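K.L.:
Quick one: the structure is below, questions incoming.
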């Protein structure tokens, strides 16, 4: 059966735990001198990036190479063909190259889903528009579990630009599956329509949510996607929804702070908080490679994928 | 427990396994001149359990603490593409590693030899032992590769249609080696 990782909503609890447990074992490989495993020898992974993303592309590339897969980086930036056509043409090219997996980043929500109908290999969504970014959510869950030892019953606040965030949606769906309680905190203008159907709580008041949170996940304010006035000014946003020293002090002692990066220091998060020992921001990057290795192994390592949603 | 398992023949019971491991521990001590620079590495899950038991006996007989660990071979198997990707076992190396040591690999059942080949590859990536030896609780024959065990608990003639299952107290609640006929399963 052909399976993909397009949405964290497609993952069952068992799937998600299998990915996290596999990543836990693979984390040990990153600590030894020979970091390579022969598992995906002869398999081809194509990184298809229609949007700039240095960290995600490098992370996927490192993950595939550590598993000995052949990696082809296909940067579609600057293509003059209109989006729909270009994606299908590209898909046909990938078919001809015999890609076993396609990792796709696209500015249009739903692009990975379309791609999955055109290619034979597994499709891994590396971020599509404002829709989803499942491997980011998986590495966040992995980072939380490593720090706090569990996910079940944890209170997680996801704060900021939920409207433009694919990370928020993927995280809400995954953390819900894994038994955590998520609260979205944002100004009403930065919440998407139908957010009330998501499996989470909603609040407009960060100061009320902070003291009872175990994890505070700050989202980047995506100024490049904003073509309207979503809040009066950067300073006002920062004052009401930014995590600064005073707010940080109100967290309980074991609570951790996360950010998917890249950060706007001084806007949604102050430099002091970002660099504190209770921030997992640097770990999140290292854990990204490990979690992506786990995903690629479970999708490509056997006769058929062990995780993911069917097309 | 299912009827099939009840009908299956137990070839080794708890005391037999106990005696076999005791003998293997003595043989390791003999062959490695008192377990000098020996590291025991079990292949998860039951091989790892057996490695700990053997180390316990060596400590009991000679008062030596032999480093014990586990080496997972899943990512190195040659039959990965024949089944869906499977969960990984745990690799735990002793703090001093395996460089320059005599590594004794420990597994529960030696059959085709393919698991051991995978283990040798995995070992290659974690260091360079001075020598590698193999201990197995059961050798059931039918080798497909030029591999043999240095220490064997029991040689068990089997047919390829049979299945050998090892139960251990730590993971399965009892000690037994069971021979299951294909049509019993």
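K.L.:
Say R0 is 51 Å: what FRET efficiency, to the nearest 0.05, do residue B:10 and residue A:203 get from their beta-carbon distance? Present the calculation step by step, with values, prior to reporting the outcome.
P.N.:
Working: r = 61 Å, r/R0 = 1.20.
That gives a FRET efficiency of 0.25.
K.L.:
Another question, if that's okay. For region B:1-120, what is the percent of antiparallel DSSP beta bridges, rounded to the nearest 5?
P.N.:
DSSP beta bridges in region B:1-120 are roughly 10 percent antiparallel.
K.L.:
Same structure again: How far is helix B:114-126 tilted off the main Cα axis of chain B, in degrees rounded to 10, range 0 to 90?
P.N.:
Once rounded, the angle reads 30 degrees.
K.L.:
For chain A, report the convex hull volume of the alpha-carbon atoms normalised per residue, in Å³, without decimals. Write out the running numbers ahead of the final one.
P.N.:
On the way: hull volume 39.9 nm³, N = 311.
About 128 Å³ per residue, rounded to a whole number.
K.L.:
Something else now. Over the alpha-carbon set of region A:135-284, divide Rg by the Kirkwood Rh and report the Rg/Rh ratio to two decimals.
P.N.:
On the way: Rg = 13.9 Å, Rh = 15.1 Å.
My calculation of the ratio gives 0.92.
K.L.:
Note the angle between two axes, namely the Cα long axis of helix B:14-31 and the longest principal axis of the Cα atoms of chain B, as a number of degrees from 0 to 90, rounded to the nearest 10.
P.N.:
Compared with the principal axis, the helix lies near 30 degrees.
K.L.:
Further question on the same structure: Which whole number gives the average, over all residues in B:126-132, of C-beta atoms from other chains lying within 10 Å of the residue C-beta?
P.N.:
Values: counts 4, 3, 0, 0, 0, 0, 0.
Mean number of neighbouring Cβ atoms from other chains: 1.
K.L.:
Further question on the same structure: What is the Cα centroid distance between region B:27-85 and region A:178-210, reported in whole angstrom?
P.N.:
That distance is 50 Å.
K.L.:
Expressed as an acute angle from 0 to 90° and rounded to the nearest 10, what is the orientation of the C-alpha long axis of helix A:13-29 relative to the principal long axis of chain A?
P.N.:
Around 80 degrees separate the two axes.
K.L.:
Rounded, prolate or oblate: pick one for chain B, where a ≥ b ≥ c are the square roots of the eigenvalues of its C-alpha gyration tensor, a/c under 1.5 means rounded, and failing that, prolate if a/b is larger than b/c, else oblate. Write down the numbers at each step before the final one.
P.N.:
On the way: a/c = 1.83, a/b = 1.29, b/c = 1.41.
Oblate, because a/c is 1.5 or more while a/b does not exceed b/c.
K.L.:
Is there a simple number for the mean count of other chain Cβ atoms within 10 Å of the Cβ of residues in B:59-67, and what is it? Provide the component values of the computation, followed by the final result.
P.N.:
Numbers: counts 0, 0, 0, 0, 0, 0, 0, 0, 0.
If you average over the peptide's residues, the count of other-chain Cβ atoms is 0.
K.L.:
Next question, about the same structure. How well do other chains shield peptide B:78-85, expressed as the mean number of their Cβ atoms within 10 Å of each residue Cβ? Write down the numbers at each step before the final one.
P.N.:
Details: counts 1, 2, 8, 7, 2, 5, 10, 16.
The per-residue average across the peptide is 6.
K.L.:
Further question on the same structure: Alpha carbons only, please: Rg and Dmax for region A:215-311, in angstrom.
P.N.:
Final numbers for Rg and Dmax: 17.8, 54 Å.
K.L.:
In what sequence, highest mean first, do A:95-103, B:91-99 appear when ranked by Cβ atoms within 10 angstrom? Could you put the intermediate results ahead of the total?
P.N.:
Values: A:95-103: 19.7, B:91-99: 15.2.
Highest-to-lowest ranking by the protection proxy: A:95-103, B:91-99.
K.L.:
Further question: If packing is taken as the mean number of other Cβ atoms within 10 Å per residue, what is the order of B:58-68, A:288-298, highest first?
P.N.:
Values: B:58-68: 15.6, A:288-298: 27.5.
Per-residue mean Cβ counts within 10 Å order the peptides as A:288-298, B:58-68.
K.L.:
Could I ask something else about it? From the square roots a ≥ b ≥ c of the eigenvalues of the alpha-carbon gyration tensor of region A:96-170, which class results: rounded (a/c under 1.5), prolate (a/b over b/c), or oblate? Please report the intermediate quantities before stating the final value.
P.N.:
On the way: a/c = 3.68, a/b = 1.73, b/c = 2.12.
Oblate.
K.L.:
Now a separate question. Give me the percent of DSSP beta bridges within the protein assembly as shown that run antiparallel, rounded to the nearest 5. Display every interim value, and only then the final one.
P.N.:
Values: 13 of 68 bridges.
Antiparallel bridges: around 20 percent, rounded to the nearest 5.
K.L.:
Let me ask something else. Return the whole-Å distance between the Cα centroid of region A:1-76 and the Cα centroid of region A:212-244.
P.N.:
Rounded to whole Å, the Cα centres lie 30 Å apart.
Every number in this text was worked out from the coordinates using simple rules, so none of it is lab data. Just so it is clear, the structure is predicted and the values come from calculations on it, not from any experiment. Neighbour counts are summed over all protein chains in view; Cβ atoms, including those assigned to glycine, are modelled from backbone coordinates with ideal geometry.
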